[in-house]
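Peer 1: One structure, as structure tokens, below. Some questions next.
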Amino acid sequence: RWKKVKEGDGQVILLSGIPGVGKSRLLHELKSHIQHEPYILLQNQCSPYHSQSAFFPVIEQIEKAAQLTAREAYADKIAKLRAYLPRLTNSVEPVLLIANLLSISTENHHELSELTPQQIKNRTVSTLVDILLAFSLQRPTLCIFEDAHWLDPSTLELLELIIRRIDHAR
């Protein structure tokens, strides 16, 4: 399956089994097998304590990958997001949508102020998919949702959209 991914044939694998059967071990072996290859890892950990928190695993993954800390100034967090996220357009909207998702103040920017909450959600979901696809243009991308049985409804919606759009992604 990894070979197909590297060739631009997006793959989805559902790994299911009882606790202790070795699902995490298989993921560890996959990551060990490809460790010397260029790839991007997006590790999303779902949690029973956050199964009703919209986009919890995605928020946590972005915060870790962008190396955001709670004590940083908002402007510094925005700068780190810009550095981490692939450039999607010349617009600042994708960064602002992700900042909004991460509860980073965007008070100096008014680009989102005229959007309804549903429009913001829809554009955020679309932006998250676009980010994943943009990463896959840079390098083959391994996107893991561990303990997916704890997915919140919004992240499940996102995952379903990703699955529908990765046919020709690495």
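The values are calculated or read from the model by the stated rules, or taken from the named source; none is laboratory data. No experiment lies behind these values; they were computed from the predicted model shown. Counting neighbours? That spans all protein chains shown, and the Cβs are built from the backbone with ideal geometry, glycine included. SASA here: full protein model, heavy atoms, side chains in, ligands and nucleic acids out. Shrake-Rupley method; radii C 1.70, N 1.55, O 1.52, S 1.80 Å.
Peer 1: Which Rg and Dmax, in Å, describe the Cα atoms of the range 16-65?
Peer 2: Both quantities, over Cα of the range 16-65: 13.4, 37 Å.
Peer 1: A further question follows. Show the residues, 5+ positions off or on another chain, whose built amide H is closer than 5 Å to the amide H of Thr141.
Peer 2: Placed amide hydrogens put Ile40 under 5 Å from Thr141.
Peer 1: Can I ask one more? Using the heavy atoms of the protein chains and a 1.4 angstrom probe, tell me the accessible area per residue for the range 1-127 in square angstrom. Mind dumping the intermediate values first?
Peer 2: Working: 8320 Å² over 127 residues.
So the range 1-127 comes to 66 Å² accessible per residue, rounded to a whole number.
Peer 1: How large, in percent, is the carbon and sulfur part of the accessible surface of the chain at a probe radius of 1.4 Å?
Peer 2: Working: 5470 of 10560 Å².
The C+S portion of the solvent-accessible surface of the chain is 52 percent.
Peer 1: Taking each full run of DSSP H in the chain as one helix, which ones are at least 24 Å long along their axis (Cα atoms) and have mean Kyte-Doolittle hydropathy of at least -0.5? Display every interim value, and only then the final one.
Peer 2: On the way: long enough: 117-138 (31 Å, 0.30).
Span-like helices, by this rule, are 117-138.
Peer 1: Going 7 Å from the Cα of Gln52 in the Cα-to-Cβ direction, what parts of the range 128-170 have a backbone nitrogen less than 16 Å from that spot?
Peer 2: 150-155
Peer 1: Under 14 Å from the 7 Å Cα→Cβ point of Tyr74, by amide nitrogen: which residues of the range 103-143?
Peer 2: 103-113
Peer 1: Still on this structure, please answer the following. Exposed loop GluC sites (Glu not before Pro) only (DSSP loop, at most 14 other Cβ atoms within 10 Å): please give the longest stretch of the chain free of them, not including the sites. Don't skip to the answer; put the middle values down first.
Peer 2: On the way: sites that count: Glu7, Glu72, Glu107, Glu111, Glu114.
Answer from the scan: 8-71.
Peer 1: Just to check, using Stokes-Einstein with a Kirkwood Rh over alpha carbon pairs, what's the diffusion coefficient of the chain at 25 °C and 0.890 mPa s in µm²/s?
Peer 2: Details: Rh = 17.1 Å.
The diffusion coefficient I find is 143 µm²/s.
Peer 1: What is the gain in length, in nm to one decimal, between His36 and Asn90 on full extension, counting 0.36 nm per residue of separation less the C-alpha to C-alpha distance? Walk me through the intermediate numbers first.
Peer 2: Numbers: separation 54, 0.36 × 54 = 19.44 nm, distance 3.31 nm.
So the extension gain works out to 16.1 nm.
Peer 1: Return, ordered by residue number, the residues of the range 127-144 whose backbone nitrogen is under 18 Å from a label point located 7 Å along Cα→Cβ of Lys4.
Peer 2: 140-144
Peer 1: Report the trypsin sites (Lys or Arg not before Pro) located in the range 44-91 that are in a DSSP loop and have at most 14 other Cβ atoms inside 10 Å of their Cβ, or state none. Don't skip to the end; give the middle numbers.
Peer 2: Values: sites: Lys64, Arg71, Lys77, Lys80, Arg82, Arg87; in loops: Arg71, Arg87.
In loop regions of the range 44-91 (DSSP not H, G, I, E or B), the sparsely surrounded trypsin sites (Lys or Arg not before Pro) are Arg71, Arg87.
Peer 1: How far apart, in nm, are the 7 Å Cα→Cβ label points at Gln43 and Glu29?
Peer 2: Calculated label separation equals 1.9 nm.
Peer 1: Can you count the Lys pairs in the range 12-170 whose Cα atoms are under 19 Å apart, with each pair 8 or more apart or on different chains? List each step's numbers first, then the result.
Peer 2: Working: Lys23/Lys31; Lys31/Lys64; Lys64/Lys77; Lys64/Lys80.
Summing the qualifying lysine pairs gives 4.
Peer 1: Okay, next question. Dipole size in debye (nearest 20) for the chain around its Cα centre, Lys and Arg Cβ +1, Asp and Glu Cβ -1? Don't skip to the answer; put the middle values down first.
Peer 2: On the way: 19 positive and 19 negative charges, 120 e Å.
Computed about the Cα centre, the dipole is about 580 debye.
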